[in-house]
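Beneath this line is the structure, given in structure tokens, with notes to follow.
What follows draws every value from the coordinates through simple rules; no lab data is involved. Keep in mind that what you see is a predicted model, and the values were worked out from it rather than measured. Every residue, glycine among them, receives a Cβ derived from its backbone with ideal geometry; neighbour counts consider all protein chains shown.
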Amino acid sequence: MRRPPAVTPLLTGVSRYDKSLSTRGRGAGTFIDAPIIAWLIETADGRILYDVGCDFAKIADPAACARHYGGNPFGAPAMHAGQTVPAHLRRFGLGPRDVDLVFIGHGHFDHAGGLADFPHAEIHIHADELAAARHGGEAYFPGECELPLRWRTAGGDYQVCPGVQALCTPGHTAGHMSLLVEIGSTAVVIAGDAADLQENIDDEVAPGLCWCDRTDLAIASIRRLKAEARSARAQLLPNHDMRRYREIAGS
Ligand SMILES: [Zn+2]
């Protein structure tokens, strides 16, 4: 069984939606296919997941799907049983118990939906994000961030473990966080939804959905990520960009 590399993008589904959801004020009327990625990170101190994708049960069960996605103009993401995070882990001979820590960049349904699969892991999330997710609102599914898990909240930047640094990148949501990963020869910044597309990074365009319409915060976070990536000589990885996903995954 091959051992995962330091950082592996796991494709957990694909959303088809209007591009303006990713690039605020740009691309209305153009549809894009956006990968939904969970990132598997191998460290000397344990195994981390950044995000866990959608809750497959809410897509596979027609009644649950209608309940959760019926009001979404773009419907449910495309996701099959082989794309759940546990199914991806099985390909490496691993199971959910082999994951020590789940880092939730933000609580939207396509990032925190799979949490129920990780009752044994420590769940990291920004305190503001946990509060926002529990309060509810657009793209948060009730209950997903209220599971009786081992929650650990933070209020600022911190070292998750040697080689993995959590970076506050609010704007898309109240308490969004990204990760700088420096392990061996691997140096990457996982932007999360602070930057959906390479275009968000290159042109410093805010995501379509901004907390309290704070595009200023979102753009400041993109600039911060670019600066962090520059100083660490790290690759900055957008989260919902199919072309970039394919390059990174080598597919
Ligand atoms: Zn989001």
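Scanning region 172-212 for residues that are more than 10 Å from the ligand (Cβ to nearest atom) and of a type in the set (Val, Ile, Thr) gives VAL181, ILE183, THR186, VAL188, VAL189, ILE190, ILE201, VAL205. Each residue in region 42-100 was checked for being of a type in the set (Phe, Trp, Tyr), closer than 26 Å to PRO4 by Cα and either out of contact with any Phe, Trp or Tyr (no Cβ under 7 Å at 6 or more places or on another chain) or surrounded by fewer than 12 Cβ atoms within 10 Å (Cβ to Cβ) (or both), and 2 of them qualify. Of the residues that make up region 79-91, is at least one under 26 Å from ALA131 (Cα atoms), within 16 Å of the ligand (Cβ to nearest atom) and touching a residue at least 12 places away in the same chain (Cβ under 8 Å)? So far as region 79-91 goes, no, none of its residues is under 26 Å from ALA131 (Cα atoms), within 16 Å of the ligand (Cβ to nearest atom) and touching a residue at least 12 places away in the same chain (Cβ under 8 Å). The listed residues are ALA132, ALA127, ALA121, and the only one of them that is away from the ligand (no atom under 16 Å from the Cβ), over 14 Å from the mean Cα position of the chain (by Cα) and under 23 Å from ASP196 (Cα atoms) turns out to be ALA127.
Residue by residue through region 223-244, note down the ones that are within 16 Å of the ligand (Cβ to nearest atom), of a type outside the set (S, T, N, Q) and under 21 Å from ILE32 (Cα atoms).
First, the residues of region 223-244 that are within 16 Å of the ligand (Cβ to nearest atom): 225, 237-241.
Now restrict to residues that are of a type outside the set (S, T, N, Q): 225, 237-238, 240-241.
LEU237, PRO238, HIS240, ASP241, listed by residue number.
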